[in-house]
Amino acid sequence: MPLGISPARRAFLRDALAMAPAAAAAGTGMLGATLAKTVSAAGAPAYRPAYFSSAEWTTLNALVDRLIPADQLGPGALEAGVPEFIDLQMNLPYGYGALWYMHAPFVKGASLLMGYQLEFSPRTMYRSALAGFEQAVQALHKQPFNLLDEAAKDALIADLEHGTLRIGDVPPVDFFTQLLQNTHEGYFCDPKHGGNKNMAAWRMINFPGARGDYTDWVEQYGKHYPLGPVSIG
């Protein structure tokens with residue numbers, strides 16, 4: 001499941017590219033915000049989370065780092081700014097579930113047939129699930145998730161994916177699905193939304209981004225697109 005080796009990363013890209021247009025689109029109501037930044041002692045921009053607490057931020061970073069670790073093919077989720085992207089979404093209409101139908105009744109176990117059925121908005125899901133996840137990790141390993149070795153982290157994420165790790169009120173499969181979707185979106189979004197820093201993910205897959213006209217290249221299969229990507233911003 002973790003994507004540290006080339007075949008797995010290629011499989012990830014194949015699956016995630018189907019979602020990339022939604023993640024890269026503008027004006028959907030779930031994207032667009034100004035990054036909250038401070039300046040580090042070294043002079044480089046350092047992101048300051050606007051929604052997540054320090055403990056939640058540490059856990060979130062450790063989780064997405066294992067979903068897309070850096071390798072020889074391209075940047076990992078941390079280098080791409082995925083945590084920043086997710087944090088920004090939490091204070092937008094998307095984070096509040098304003099774009100979803102959030103009225104009862106909530107039908108347990110019906111998501112495969114009827115779509116998302118939980119009472120949690122994305123921001124309340126993350127708040128509950130991250131705390132429940134850390135409690136479960138502490139019970140099993142007697143230390144926080146971010147301090148575990150890679151194999152232990154991957155096993156816990158696999159337990160989330162398969163629904164075998166109890167994390168409190170949020171069903172583990174739903175949290176894994178939400179986290180993976182937002183990780184896809186943050187990895188491939190336009191950089192103006194906080195993720196895909198320096199358009200590195202687009203460069204990795206040779207995607208032109210928001211360039212106004214690249215129709216001459218659409219049917220030139222197998223040829224490298226030489227012009228580089230362009231951000232909406």
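Residues in the range 46-68 that are not hydroxyl-bearing (Ser, Thr, Tyr) and not in a helix (DSSP H, G or I): 6 in all. For first residues located in the range 168-191 and farther than 12 Å from Gly81 by Cβ and small (Gly, Ala, Ser), partners that are modelled with pLDDT of 95 or more and in a loop (DSSP other than H, G, I, E, B) and lie 6+ apart or on another chain with Cβ distances below 7 Å do not occur.
When Pro144 is tested against (1) touching a helix residue (DSSP H, G or I) at 6+ places or on another chain (Cβ under 7 Å); (2) surrounded by 15 or more Cβ atoms within 10 Å (Cβ to Cβ); (3) at pLDDT 95 or above, just one condition goes unmet, and that condition is (2).
Checking each residue in the range 211-233 for being part of a loop (DSSP other than H, G, I, E, B) and aromatic (Phe, Trp, Tyr) picks out Tyr214, Tyr221, Tyr225.
One line per residue, one yes/no per condition, for (1) on the phi < 0 side of the Ramachandran plot; (2) of a type outside the set (Lys, Arg); (3) at pLDDT 95 or above:
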site	(1), (2), (3)
Gly29	no, yes, no
Gly32	no, yes, no
Leu35	yes, yes, no
Gly43	no, yes, no
Pro49	yes, yes, yes
Leu67	yes, yes, yes
Glu84	yes, yes, yes
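The set of residues from the range 190-227 being charged (D, E, K, R), buried (at least 17 other Cβ atoms within 10 Å of the Cβ) and more than 21 Å from Ala70 (Cα to Cα) comprises just one member, Lys192.
Looking at the range 153-162, is at least one residue part of a loop (DSSP other than H, G, I, E, B), buried (at least 16 other Cβ atoms within 10 Å of the Cβ) and not polar (S, T, N, Q)? There is no residue in the range 153-162 that is part of a loop (DSSP other than H, G, I, E, B), buried (at least 16 other Cβ atoms within 10 Å of the Cβ) and not polar (S, T, N, Q). Look through Gln135, Gln143, Gln89 and report the one residue that is assigned to a helix (DSSP H, G or I), farther than 28 Å from His193 by Cα and out of contact with any Leu (no Cβ under 6 Å at 6 or more places or on another chain). Of Gln135, Gln143, Gln89, the one residue that is assigned to a helix (DSSP H, G or I), farther than 28 Å from His193 by Cα and out of contact with any Leu (no Cβ under 6 Å at 6 or more places or on another chain) is Gln135. Taking each residue of the range 192-206 that is aromatic (Phe, Trp, Tyr) and looking for partners that are crowded, with 17+ Cβ neighbours inside 10 Å with beta-carbon atoms closer than 7 Å, six or more apart or interchain, yields Trp202/Asn196; Trp202/Gly209; Trp202/Pro229. Looking only at the range 95-139, filter to residues that are modelled with pLDDT of 95 or more and loosely packed, with under 14 Cβ neighbours inside 10 Å; which one of those is farthest from Tyr51 (Cα to Cα)? Only one residue tops the list, namely Ala139. Please state which one of Ala129, Ala77, Ala98 is over 19 Å from the mean Cα position of the chain (by Cα), closer than 30 Å to Trp202 by Cβ and aliphatic (A, V, I, L, M). The unique qualifying residue is Ala98.
Checking the stated criteria, Asp190 turns out not to satisfy the condition of being at pLDDT below 95, over 28 Å from Phe133 (Cα atoms) and over 20 Å from the mean Cα position of the chain (by Cα). Quick check on my filter: what residues within the range 151-194 are closer than 15 Å to Phe207 by Cβ and in contact with a Ser or Thr (Cβ under 9 Å, 6 or more places away or on another chain)? Across the range 151-194, the qualifying residues are Asp190, Pro191.
The values are calculated or read from the model by the stated rules, or taken from the named source; none is laboratory data. Owing to the predicted nature of the structure, the values given are computational and were not obtained by experimental measurement. Note that we place each Cβ from the backbone using ideal geometry, even for glycine, and neighbour counts take in every protein chain shown.
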